[in-house]
Amino acid sequence: LLEYEKFVSSESEDERERALKSHIDSLRAHVKGLSIKQYEKLEGIRTLDFVFIFVPIEAAYLTALQHSPALFRDAYEKQILLVSPSSLMVALRTVETLWRYEKQNLNAEKIAASAGKLYDQLALVLQSLEDMGGYMHKAVDSYEVVKKRLMQGRGNLVKKVSDLKALGAKTSKALPRSVIAELEAQAEQVEPPVLEAQER
């Protein structure tokens, strides 16, 4: 802003023109210097696409743009925005709004990722339940096979052991009532043919 001060304080027109040109050139040099540094591309920092150059004197800002309309466009193409006291708050509010939207979008992405993981976990649990159900069915089938081998058919193991007890084997335990009831039911089914054969 030193050149702008010269522009304002100069009395001759030539000095004013030189100071104005130097003022605009100074802004252009500042734009170029910031563009080379590429602050918006710093690694590890999530930023938006622009860097602000704040010109603290409104008149200096307006004078530069009035005499060099391309200055703002040239800076913009380098991802740099020239702002003044009257436009700074608007620019900062815009940045705040964009950051809020970015945060909302980031949260939406996190929610979507969490929902996907939750769905996958539910699928795994349901698959485990399916497998468990299959194992339970197999266990029931195996139980029925073993039970049939122990209690059904001629000369099954339970009947033979019961016959031994009936013959006088000393025991300290009793068979479950359900097993005894099933043996009696089997005996009732077998007895009629035997009786009929004896009658013959």
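Nearest 500 deg cm²/dmol is fine: what mean residue ellipticity at 222 nm does the chain get from its DSSP H runs of n ≥ 4 alone, each adding -39,500 (n - 2.57), divided by its residue count? Walk me through the intermediate numbers first.
Details: 7 runs with 151 residues, N = 200.
After summing the helix terms and dividing by the residues of the chain, the value is -26500 deg cm²/dmol.
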Next item on the list: Describe numerically, in nm with one decimal, the distance between label points set 7 Å from Cα along Cα→Cβ at Glu102 and at Glu184.
Entry: 8.5
Notebook entry, point to check: Taking every eigenvalue of the Cα gyration tensor of the chain, multiplying by 5 and rooting it, what semi-axes result, largest first, whole Å?
Noted result: 106, 13, 12
Margin query: Can you give me the accessible area per residue for the chain, using a 1.4 Å probe, in Å²?
Written below: 79
Next item on the list: State the answer as a single residue: which of Ala19, Thr171, Met89 lies farthest towards the positive end of the charge dipole of the chain, with beta carbon charges of +1 for Lys and Arg and -1 for Asp and Glu, about the Cα centre.
Entry: Thr171
Notebook entry, point to check: Of Glu77, Glu96, Glu182, which is the most mobile in a GNM of the chain whose springs link Cα atoms less than 10 angstrom apart?
Noted result: Glu182
Checklist line | Nearest-20 debye value, the stretch 14-143 charge dipole, Cβ charges on Lys, Arg, Asp, Glu | finding: 380
Item checked: Selection from Phe7, Tyr119, Ala29, by position along the positive dipole direction of the stretch 1-128 (Cβ) -> Tyr119
Note to self: Let's see if you can work this out: charge +1 on each Lys and Arg Cβ, -1 on each Asp and Glu Cβ, no other charges. What is the dipole magnitude of the stretch 129-192 about its Cα centre, in debye to the nearest 20?
What the structure shows: 460
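Using a 1.4 angstrom probe on heavy atoms only, work out the carbon and sulfur share of the accessible area of the stretch 5-150 in %.
Numbers: 6560 of 11070 Å².
Its accessible area is 59 percent carbon and sulfur atoms.
The values are calculated or read from the model by the stated rules, or taken from the named source; none is laboratory data. Just so it is clear, the structure is predicted and the values come from calculations on it, not from any experiment. When we count neighbours, we look across all protein chains shown, and the Cβ atoms used for this are built from the backbone with ideal geometry, even at glycine. What goes into the accessible areas is simple: the full protein's heavy atoms, side chains included, and nothing from ligands, DNA or RNA. Shrake-Rupley method; radii C 1.70, N 1.55, O 1.52, S 1.80 Å.
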